[in-house]
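I have a structure here, written as structure tokens, and I will follow up with some questions on it.
The values are calculated or read from the model by the stated rules, or taken from the named source; none is laboratory data. Predicted model only: the values in this text are computed from it and were never measured. Every residue, glycine among them, receives a Cβ derived from its backbone with ideal geometry; neighbour counts consider all protein chains shown.
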Amino acid sequence: MRELPKTYDPKVVEKKIYDMWMAGGYFKGVIDPEKKPFTIVIPPPNVTGQLHLGHAFDETLQDIIIRTRRMQGYAALWVPGTDHAGIATQIKVEEQLRAEGKTRFDLGREAFLERVWQWKNQYGSRIIEQLKTLGSSCDWDRERFTMDEGCSRAVREVFVALYEKGLIYKGNRIINWCPTCTTAISDAEVEHEEQEGGLWHLKYPVKDSDAFLVVATTRPETMLGDTGVAVHPEDKRYAHLVGQSVILPLMEREIPIIADDYVDMEFGTGTVKMTPCHDPNDFLVGQRHGLEQILVLDGDARINENGGKYQGLDRLEARKAVLADLEALGLLVKKETHRRNVGTCYRCSTTVEPMTSPQWFVKMEPLAKEALEVVEDGRIEFIPDRFIKIYRNWMENTHDWCISRQLWWGHQIPAWNCTVCDHITVSRTDPMACEQCGSDQIVRDADVLDTWFSSALWPFSTLGWPEETPDLAYFYPTSVLVTAYDILFFWVARMIVAGMEQMGEVPFHKVLLHGLIRDAEGRKMSKSLGNGIDPLDVIETYGADALRFNIVTGNSPGNDIRYHDERCEAMRNFANKIWNAARFVMMNLTITDNSLPEALELEDKWVLSQFNQVAKEVNENLGKYELGIAAGKIYDFIWDTYCDWYIELTKPRLNGEDEAGKIGAQRVLLYVFTEVLKLLHPFMPFITEEIWQALPVEGEAIMIESYPAWRADLDFPVEEARFEKIMAAVRAIRTRRSEMNVPPSKKSTVRIATEDPETFEAGQVYFGKLAYASELTITADAPDDLQGLVSVVTKDARMFLPLAELVDLAAERVRIDKEMAKAQENLDRILKKLTNENFLAKAKESVVTAEQEKADKARALIQNLEESRRQLEE
RNA sequence: GGAGGCUUAGCUCAGCUGGUUAGAGCGCUCGCCUCACACGCGAGAGGUCGAUGGUUCAAGUCCAUUAGUCUCCACCA
């Protein structure tokens, strides 16, 4: 047994304990036909990433779950890994190159990719090492990367399979273009942001007429690509013009006036310029009316060769130039200020430009149907279930998913274009020739896939798919996916889609969606605000256990939490409390095992029974993923029940002369302590393991002990109730003394009058320690003469302390009257229920019985108070 | 425009399928260095659970309306 220092120091412990776990191989997921599997795959953090509180939240929840299941006897597997994070990583390396005065084009694709891999190998393990500081019990031997060989094979297989089924296609469609990242991004990757902008009214002259049509636009530069003007079919103002054309100013292009009910007659002038290449709605209208498509922007959002003299201008410069020219021509009617939502790139916040571009898409509609079904029918359960609605809403309105990215870092699309016949060959193995014309003049598509495409396969690609591996057979489908609600669409939805399509099975049975961590003011943590909190600093200051416990308590699924340092401090204090309980237990220990004694005292049965109840409830809460509630119950048990009461209760025995009593107290003390440490272990793995290692108990590590569960032989409801009587008496005496400002150093005799002397005699020894009694007398009746005595009353006892010199009788009367009034009020409320026939008829029997018991208790208290009041008057 | 969350003690939040006198942490007041712990111990003050209406024997908990607030989706140029 080791001597423990007075204060718990997580810094010296955590690293050591983690290494011990690793050396023990306890994190390893082992296929065991005798056991049920329990699998979690980690939401792979970006390789470019640094640990932030969001990760800490996510990992903590997963670690609590997986540690619990492991202890409950499941074959637990937590698969870790990282995500190649296409754009984010490529940007990092490009920044590095820029510092050297180079661009990726200077290097060329191959050399550039080599640089990225180099970068990945150098920094990619950083986030993994940081995850370990939290105590994450991942099976690190199974660590995966979305671009490793296996995952890449999975990606290719899925791409080809979907292509063969016609669910992936290439098309020239309107997409969101980020001019900074110079790539297409999906709808989900566009964030909308309300901005103040202009609404310009432009005059378009009607051909062969003096008339004009006035159109309104927020992006005047796009007029260079206008190929029509639309009005509403029922708009009488313009009906006569439909079929005619206008001359597009500046470009001097004749474009048709068309009628389409997309146009809102009420808005603006009721006429809309049509730019099919640069507006999604115009694109659709254009398709309906066969409008010409003219792309006027290039990849850097500069006007291209179709923009005439404006070629080369940036989109905003072009706007100025176009407006100036129109004004000079007298064609600019007015400018209004206008608030509108602008789409921005979620990676770099640049305003995205809608434009037509040849890209690859996944047809979502046929896939979304089944993916929605499995959530609707409960094959996949969302926790909390309100996210089903959000999910449904998205699934029912999903657009085709643009999956190609004009990047280099990522999974290159396995498609080859034939320069002879234009056929596209998509293949699982690199083709030598065009599958249609046989020409060897084929060029591989330069684009890579959206990072989320590979993430979508994560639950099965990490288990070995497309190979039929034993892991896949045993551990798939996974049990629960834990992630923040903000990637419900990006990731969760697409995993469900991919799982159903490829595996014909759900990728996970449950999805635990948690909130975001905000700062103390409720703001999102971000680099620009500078309000980010580094979990590594927190761990350094308070310890990983404190951080974990802070995150998990006082929070319910799906809700955001604000991070407060003070809460971490409170949890650090809790860790220290446990630490000192351990010190107490150990310094009193002469035994070397934690088996229970044969003879149990009243308070032993009380604490065992209390623990039993907590163990039961904690298991239930954990089963329902109510981690915060479970944590709270353990906290309360340890602090209140075990430390504040039970430890104090054992002191007389431990310091007494009776050898059997001493040993008995030690055994129960140690037993309950080790059990509750196990219960707590998933939440606070480090300190519980450190203490376990110091305790003289069997078992090489607490993390592989079995999780406590309810035991019929430790259920002592009768003794619990009896002991509560003693506790109530002790509390009453303390309160009374406190009210009278009696210092703890001033002891007094206590005489107890009770109808249940047996119980109080069993608890006799504790009044000295807990109620500052110098001597205790237990009788059936109250003393005849109350002269010089202060009375304290509970429903089960009246207690008399010779402290009368400290109070005056008048104040005493007032106090008792007040207590009596309160008790009477309480009784009245209960009786109101019990005399209500409807209540008696309709309420559950257990509820009625409980009310009756309450009434009895209230009556007993009042009776005792009355007795004291009467005696006071004598 | 559509959907959802939140509104409970001074602050930050729990409160599961409706049923004790609504809880915790921090803060506050009073008394304690009591032989595990002052990162502590004991005692206490503090809430008409946003508002209104309803269902029910019973509502912080369910339903409707409403206010404030946050978020997501859509995007009328």
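Which residues, taken from segment A:231-289, are among the charged types (D, E, K, R) and within 14 Å of RNA strand B (Cβ to nearest atom)?
So the first thing to find is which residues in segment A:231-289 are among the charged types (D, E, K, R), and the list is A:234-237, A:252-254, A:260-261, A:264, A:266, A:273, A:279, A:282, A:288.
The answer is A:Glu234, A:Asp235, A:Arg237, A:Asp260, A:Asp261, A:Asp264, A:Glu266, A:Lys273, A:Asp279, A:Asp282.
I'd like the residue in segment A:790-809 that is under 21 Å from A:Glu867 (Cβ atoms) and out of contact with any Lys or Arg (no Cβ under 8 Å at 6 or more places or on another chain) and, out of all such residues, is nearest to RNA strand B (Cβ to nearest atom).
A:Val793
Of all residues in segment A:10-60, count the ones that are in a loop (DSSP other than H, G, I, E, B) and touching a residue at least 40 places away in the same chain (Cβ under 8 Å). Working first, answer last.
First, pick out the residues of segment A:10-60 that are in a loop (DSSP other than H, G, I, E, B): A:25-36, A:42-45, A:47-52.
If we keep only those that are touching a residue at least 40 places away in the same chain (Cβ under 8 Å) too, we end up with A:26-32, A:35, A:42-45, A:47-52.
The total comes to 18.
So which residues in segment A:741-774 are over 51 Å from the mean Cα position of the chain (by Cα) and within 16 Å of RNA strand B (Cβ to nearest atom)?
Result: A:Lys746, A:Lys747, A:Ser748, A:Val750, A:Ser774.
Moving on to the next point. Only one of A:Asp210, A:Asp226, A:Asp264 is touching a residue at least 24 places away in the same chain (Cβ under 8 Å), on the phi < 0 side of the Ramachandran plot and surrounded by fewer than 21 Cβ atoms within 10 Å (Cβ to Cβ); which?
Every option except A:Asp264 fails the conditions.
Please work out which residue is farthest from RNA strand B (Cβ to nearest atom), limiting yourself to segment A:845-874 and to residues that are of a type in the set (A, V, I, L, M, F, W, C) and over 46 Å from the mean Cα position of the chain (by Cα).
Within segment A:845-874, the match that is farthest from RNA strand B (Cβ to nearest atom) is A:Leu872.
Turning to a different aspect of this structure: Does A:Trp401 satisfy being among the aromatic types (Phe, Trp, Tyr), under 19 Å from A:Lys363 (Cβ atoms), touching a residue at least 40 places away in the same chain (Cβ under 8 Å) and in contact with a Ser or Thr (Cβ under 8 Å, 6 or more places away or on another chain)?
So A:Trp401 fits the description; yes.
Taking the options A:Ile687, A:Ile663, name whichever one is more than 30 Å from A:Glu59 (Cα to Cα) and among the β-branched types (Val, Ile, Thr).
Result of the check over A:Ile687, A:Ile663: A:Ile663.
Tally time: how many residues in segment A:190-212 are in contact with a helix residue (DSSP H, G or I) (Cβ under 7 Å, 6 or more places away or on another chain) and closer than 26 Å to A:Asn304 by Cβ?
Qualifying residue count, segment A:190-212: 2.
Give the number of residues within segment A:551-574 that are near RNA strand B (Cβ under 6 Å from one of its atoms), touching a helix residue (DSSP H, G or I) at 6+ places or on another chain (Cβ under 7 Å) and not hydroxyl-bearing (Ser, Thr, Tyr).
Of the residues in that region, 4 qualify.
Of all helices (runs of 4 or more DSSP H) completely enclosed by segment A:662-774, which ones contain at least 2 residues that are modelled with pLDDT under 90, closer than 28 Å to A:Glu812 by Cα and out of contact with any Leu (no Cβ under 7 Å at 6 or more places or on another chain)?
Qualifying helices (runs of 4 or more DSSP H): A:717-739, A:757-762, A:764-770.
List every residue pair whose Cβ atoms sit under 7 Å apart, with the two residues 6 or more apart in sequence or on different chains, where the first one lies in segment A:759-788 and is at positive phi and the second, anywhere, is of a type outside the set (Lys, Arg).
A:Tyr772/A:Pro744; A:Tyr772/A:Ser748; A:Gly788/A:Pro802; A:Gly788/A:Ala804
Could you grab me the full set of residues in segment A:48-103 that are of a type in the set (Gly, Ala, Ser) and more than 11 Å from A:Phe38 (Cα to Cα)?
Scanning segment A:48-103 gives A:Gly49, A:Gly54, A:Ala56, A:Gly81, A:Ala85, A:Gly86, A:Ala88, A:Ala99, A:Gly101.
State all residues of segment A:460-481 that are in contact with a Pro (Cβ under 9 Å, 6 or more places away or on another chain) and polar (S, T, N, Q); if no residue qualifies, say none.
A:Thr462, A:Thr478, A:Ser479
Out of A:Phe716, A:Phe683, which single residue is closer than 30 Å to A:Ala771 by Cβ, buried (at least 20 other Cβ atoms within 10 Å of the Cβ) and touching a residue at least 60 places away in the same chain (Cβ under 8 Å)?
It is A:Phe716.
Does A:Thr735 count as exposed (fewer than 13 other Cβ atoms within 10 Å of the Cβ) and among the polar types (S, T, N, Q)?
Considered against the rule, which asks whether it is exposed (fewer than 13 other Cβ atoms within 10 Å of the Cβ) and among the polar types (S, T, N, Q), A:Thr735 comes out as yes.
Is it the case that A:Tyr262 is hydroxyl-bearing (Ser, Thr, Tyr) and over 49 Å from the mean Cα position of the chain (by Cα)?
Answer is no for this residue.
Same structure again: Are any residues in segment A:610-659 of a type outside the set (Gly, Ala, Ser), more than 9 Å from RNA strand B (Cβ to nearest atom), surrounded by fewer than 21 Cβ atoms within 10 Å (Cβ to Cβ) and assigned to a helix (DSSP H, G or I), and if so, which ones?
A:Gln613, A:Lys616, A:Asn619, A:Lys633, A:Thr641, A:Pro652, A:Glu659
Within segment A:522-550, track down each residue that is touching a residue at least 12 places away in the same chain (Cβ under 8 Å) and within 12 Å of RNA strand B (Cβ to nearest atom).
A:Gly522, A:Thr541, A:Tyr542, A:Gly543, A:Asp545, A:Ala546, A:Phe549, A:Asn550, listed by residue number.
If you don't mind, there's one more thing I want to ask. Away from RNA strand B (no atom under 13 Å from the Cβ), surrounded by fewer than 21 Cβ atoms within 10 Å (Cβ to Cβ), β-branched (Val, Ile, Thr) and not in a strand (DSSP E or B): is that true of A:Thr180 in this structure?
yes
Filter segment A:187-197 down to the residues that are within 21 Å of A:Arg302 (Cα to Cα) and surrounded by 16 or more Cβ atoms within 10 Å (Cβ to Cβ) and list them by number.
A:Val190
Mind listing whichever residues of segment A:575-606 are near RNA strand B (Cβ under 7 Å from one of its atoms) and either buried (at least 17 other Cβ atoms within 10 Å of the Cβ) or not polar (S, T, N, Q) (or both)?
Residues satisfying the conditions are A:Ala575, A:Asn576, A:Lys577, A:Ala581, A:Arg583, A:Phe584, A:Met587.
Which residues, taken from segment A:821-844, are of a type in the set (Gly, Ala, Ser) and more than 9 Å from RNA strand B (Cβ to nearest atom)?
Hit for segment A:821-844 is A:Ala821, nothing else.
Give all pairs with beta carbons closer than 7 Å in which a residue from segment A:826-848 that is within 24 Å of A:Leu861 (Cα to Cα) meets a residue that is among the aromatic types (Phe, Trp, Tyr) and within 8 Å of RNA strand B (Cβ to nearest atom); count only pairs at least 6 apart in sequence or on separate chains.
That search, which allows pairs on different chains as well, returns A:Lys833/A:Phe839.
Given (1) modelled with pLDDT of 95 or more; (2) out of contact with any helix residue (DSSP H, G or I) (no Cβ under 6 Å at 6 or more places or on another chain), identify the lone condition not met by A:Thr146.
A:Thr146 satisfies every listed condition except (2).
Take segment A:295-345 and flag every residue that is buried (at least 18 other Cβ atoms within 10 Å of the Cβ) and either in contact with a Cys (Cβ under 6 Å, 6 or more places away or on another chain) or among the acidic types (Asp, Glu) (or both).
A:Leu295, A:Asp298, A:Cys345 - these are the residues of segment A:295-345 that are buried (at least 18 other Cβ atoms within 10 Å of the Cβ) and either in contact with a Cys (Cβ under 6 Å, 6 or more places away or on another chain) or among the acidic types (Asp, Glu) (or both).
Yes or no: A:Val190 more than 30 Å from A:Phe453 (Cβ to Cβ), in contact (Cβ under 8 Å) with a residue 40 or more places away in the chain and within 11 Å of RNA strand B (Cβ to nearest atom)?
In short, no.
I would also like to ask the following. Spot the failing condition for A:His509; the list is (1) within 16 Å of RNA strand B (Cβ to nearest atom); (2) not in a helix (DSSP H, G or I), and only one is missed.
(1)
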